[in-house]
Amino acid sequence: MRSYQQFCPAARALDVVGERWTLLIVRDLLLGPKRYTDLQAGLPGIGPNVLADRLRSLEGAGLARKRRLPPPAASTVYELTELGAGLRPALEELFRWGLHFAATPSAADAVKASWWLPAIRAAIRPESVPADVDDTYELRIGDDAVTVTTKAGDVQTHDGPADDPDVVIRTDHMTFALLGRGEISASEAIESGALTVEGDAAAAERCRALFAT
């Protein structure tokens, strides 16, 4: 591991997570434990040797650990430690800042809805959720889906479609980025046809309030 050799908290942090791919591995592990093959599939372009090296570095720094799942899974997963999970606020702020550079994806860009989950989580206003609400919102971004659930005032997000969503919202990645940057409103996206909302009208309004700025 290379070092900036500066006695500065920012430099020390970058000594640990500043290598290429490291923060994207943390991004994926913030969604939950992952097998090595899951991480490799979720990081198009990373070489197996690089992934293995970055995981060893994260383990050595105390940010990640390996754990053996009990049967019937019986597979080894990587997960963040409490110290590693402490990067969540920093990554959420990086996502907010990075929206300014999220222009139209190029033909060479890989695109996955799950990569937007930290940005979605950062945009949530949990104080807007009534304690007695139990809603499930499915966000279809391009060909993928992510799910937001609210229950007893708690809000959770996860990758993949919902089993029985109260609301299904469909849009493309570019429109989603424009909404995140505040360059268009949800009503403007709906009017243009770039965003559609299906499901219970009251739940749709609660979903809008959850992300209102």
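Side notes on the structure shown:
- For the range 9-86, the C-alpha radius of gyration sits at 1.07 times the compact-globule guess of 2.2 N^0.38 Å, with N the residue count.
- Longest segment of the chain lacking chymotrypsin sites (Phe, Trp or Tyr not before Pro) that sit in a DSSP loop with at most 14 other Cβ atoms within 10 Å: 8-213
- Hydrodynamic analysis of the range 113-211 uses the Kirkwood radius over alpha carbon pairs. Inserted into Stokes-Einstein at 10 °C and 1.306 mPa s, it gives a translational diffusion coefficient of 118 µm²/s.
- Against the compact-protein benchmark of 2.2 N^0.38 Å, the Cα-based radius of gyration of the chain scales to 1.11.
- Electrostatic bookkeeping for Ala122 treats Lys and Arg as +1 and Asp and Glu as -1; over the other residues with beta carbon under 11 Å from its beta carbon, the sum is +2.
- All alpha carbon pair distances within the range 154-213 were sorted into 5 Å bins beginning at 0; the resulting P(r) in whole percents reads 4, 15, 26, 29, 19, 7, 0.
- Label-to-label distance, nm, for residues given as Phe7 and Asp53 (7 Å Cα→Cβ offset): 3.0
- Residue among Ala52, Ala74, Ala203 with the largest mean-square fluctuation in a Gaussian network model of the chain, springs linking Cα atoms under 10 Å: Ala74
- Alpha carbon centroid spacing (whole Å) that separates the range 53-70 from the range 105-179: 28
- The range 111-156: trypsin sites (Lys or Arg not before Pro) in DSSP loop, at most 13 other beta carbons within 10 Å: none
- Given charges at beta-carbon only (K, R positive; D, E negative), |dipole| of the range 1-97 in Debye: 180
- For the range 24-89, the set of trypsin sites (Lys or Arg not before Pro) satisfying both a DSSP loop assignment and a count of at most 14 other C-beta atoms within 10 Å is given as Arg35.
- Taking 0.36 nm per residue of separation and subtracting the current Cα-Cα distance, fully stretching the chain between Glu198 and Leu94 would add 34.3 nm.
Bear in mind that the values in this text are calculations on the coordinates, not laboratory data. Bear in mind that the values here come from a model prediction, so they are computed numbers and not experimental data. FYI the Cβ positions are ideal-geometry reconstructions off the backbone, even for glycines, and counts take in every protein chain you see.
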